[in-house]
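Participant: I have a structure here, written as structure tokens, and I will follow up with some questions on it.
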Amino acid sequence: MDDQSDDSDESRDDTDASLNRERCDIILPIPFVSKSCETCLQQGKEDYILLNLNNAVQHARSHHCGVGVLYSCKTCGKNYKNKHVAQCHVPKSRRPTNGEDKKAICGICRHAFKTQRGLSQHERLVHPVERNEKRTIAATKGPSRGPNKGYGQV
């Protein structure tokens, strides 16, 4: 009987922990700029100044136990659980793209791409069967070029 109650307590703890992580993540922007801890201010605690990213992580772990830390790219808004991955992403990050600058659209899944080359690569990797069928039909239809003008004949 004790075994069953222990199992249910453990599963309840796991569920509560996962809910807390989803609801109470502290999001640290990268690149990081010194600022006050927003969580401490919201809870009416003392104004704790976060000087750098490592200081902010250490503060979150010691003063806000059970709260997850996410790292957010200021440029594109992506969130990461791993600090190193986030720091590697930031120099490569571009501004968030809107659909206006994407000109090539996949006819199968409606995914949009900036260039025809991007669309072609997508079709080749994601929709190879459909792409090959389309190319076979185009090849059997005949040459896409106009009539031969006789240049280069011997």
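Participant: Name the single residue, out of those in the range 1-30 being in a loop (DSSP other than H, G, I, E, B) and assigned by TED's automatic domain parsing to the domain that holds G66, that is modelled with the lowest pLDDT.
Facilitator: Looking at the filtered set, the residue picked out is C24.
Participant: Continuing with this model, one more query. Which members of the range 48-79 meet the condition of being of a type in the set (S, T, Y) and under 16 Å from K35 (Cα atoms)? Let's see the steps before the verdict.
Facilitator: Just the residues of the range 48-79 that are of a type in the set (S, T, Y), to begin with: 48, 62, 71-72, 75.
Result: Y48, Y71, S72.
Participant: What are the residues in the range 31-47 that are more than 30 Å from K92 (Cα to Cα) and assigned to a loop (DSSP other than H, G, I, E, B), if any?
Facilitator: Listed by number, the residues that qualify are Q43, G44, K45, E46, D47.
Participant: Next question, about the same structure. Which residues, counting only those in the range 102-136, are of a type in the set (A, V, I, L, M) and modelled with pLDDT of 90 or more?
Facilitator: L119, L125, V126, V129
The values are calculated or read from the model by the stated rules, or taken from the named source; none is laboratory data. Bear in mind the structure is a predicted one, so any value in this text is a computation, not a measurement.
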